[in-house]
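Structure first, then comments.
The values are calculated or read from the model by the stated rules, or taken from the named source; none is laboratory data. What you see is a predicted model, and the numbers here were worked out from it, not measured in a lab. Cβ placement follows ideal geometry from the backbone for every residue including glycine, while neighbour counts extend to all protein chains displayed.
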Amino acid sequence: MNAPVNMTAAKDGEAAELTVLIAAPRGFCAGVDRAIRIVELAIERYGAPVFVRHEIVHNRYVVDTLKAQGAIFVESLEQVPDGVPVVFSAHGVPKAVPAKAEARGLDYIDATCPLVSKVHRQAERAHESGRHIIFVGHAGHPEVIGTLGQLPAGAMTLVESVDDVAALSPPDPEMLSFLTQTTLSVDDTRDIIAALQHRFPAITGPRGEDICYATSNRQEAVKAIAGRCDRVIVIGAPNSSNSVRLVEVAERMGTPAHLVQRGSDIDPAWLTDIGTLGITAGASAPEQLVREVIEAVAAYRPIVEDIVVTAEENMVFKLPRGLESAVG
């Protein structure tokens, strides 16, 4: 644990000092760093505008920053004009999307997180071996849509809960595999996998967890601080799966938690009558927003910052071919 940093923003005597435990790791992961850099380099290489299918990552601040640089975000390939480059988001896309881009002669760059791409390859291998795939994830999430779209319709069945497992009626219970979305609750997913293995003893799964290292690390970091806090603030977007999971992790430990996107979202009532506040950020939230939230808190209470480190992250993903030469 690092030494506390005193950051007194209120006048002496106005309010009692508030301890702020800042989780580490927090914020950007390697996949998000890579995806944002891909858009920036595409703009440098091709010039503005560069179209991006879906939000490159689920964070309004990041999206608005890239818009200011020349990125245009759309929800479908039909919204992309002919003759301009398009980037696919970090969440991944169904195979039909790049196929349509190629048919139109569009230049496209795939910013899918390599850990999501790994799940796609696992799905293909399981399908090739004749297995039906049970995919654990949240219906409608872009990563789930992209993963289900790697295989023919009907080759995968989505489950979201232990109850869904009980309702399954696969064509051949002896030929099943399971895979998971990368941004799920570690604890929830463990329960669902246990239910699958209990009901279908022959089911196979990946050698390692599909839930990505960043998701797991951020959940463990919240567990490390939540028990010491009166309240937890998670910085992230409401459509960010891994950010929402962090709120759930804190609340399951009995600590009230709130999801905010900016410092202006802080409710001063959250800061009254508490002695310790926890702060973390989802994998799509930049460190600038962490500092903004901390400064917003310090405007209401004098604070002492304490960074709680539970893991070190050094993961770096390579850029796609064709963009590496654009790195200055």
- Which one is surrounded by the fewest Cβ atoms within 10 Å (Cβ to Cβ), of the residues in the range 244-280 that are among the basic types (Lys, Arg) and not in a loop (DSSP other than H, G, I, E, B)? Arg252
- In the range 219-264, what count of residues is obtained for those that are within 17 Å of Val63 (Cα to Cα) and free of Cβ contacts under 8 Å to residues at least 24 places away in the same chain? 1
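Condition check ((1) within 24 Å of Ser241 (Cα to Cα); (2) in contact with a Ser or Thr (Cβ under 8 Å, 6 or more places away or on another chain)) across all residues:
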{"residue": "Leu106", "(1), (2)": "no, no"}
{"residue": "Ser117", "(1), (2)": "yes, no"}
{"residue": "Ile133", "(1), (2)": "yes, yes"}
{"residue": "Ala153", "(1), (2)": "no, no"}
- Could you say which residue among Ala96, Ala139 is of a type in the set (A, V, I, L, M) and in the same structural domain as Asn59 (by TED's automatic domain parsing)? Ala96
- Item | Residue ID - nearest to the chain's Cα centre (by Cα), chosen from residues in the range 196-243 that are in a helix (DSSP H, G or I) and hydrophobic (A, V, I, L, M, F, W, C) | Ala214
- Identify the residue in the range 142-182 that is of a type in the set (Ser, Thr, Tyr) and assigned to a loop (DSSP other than H, G, I, E, B) and, among all such residues, is nearest to the chain's Cα centre (by Cα). Thr182
- Message: Out of the residues in the range 14-32 meeting the condition of being in contact with a Phe, Trp or Tyr (Cβ under 8 Å, 6 or more places away or on another chain) and surrounded by fewer than 24 Cβ atoms within 10 Å (Cβ to Cβ), tell me which one is modelled with the highest pLDDT.
- Response: Ala30
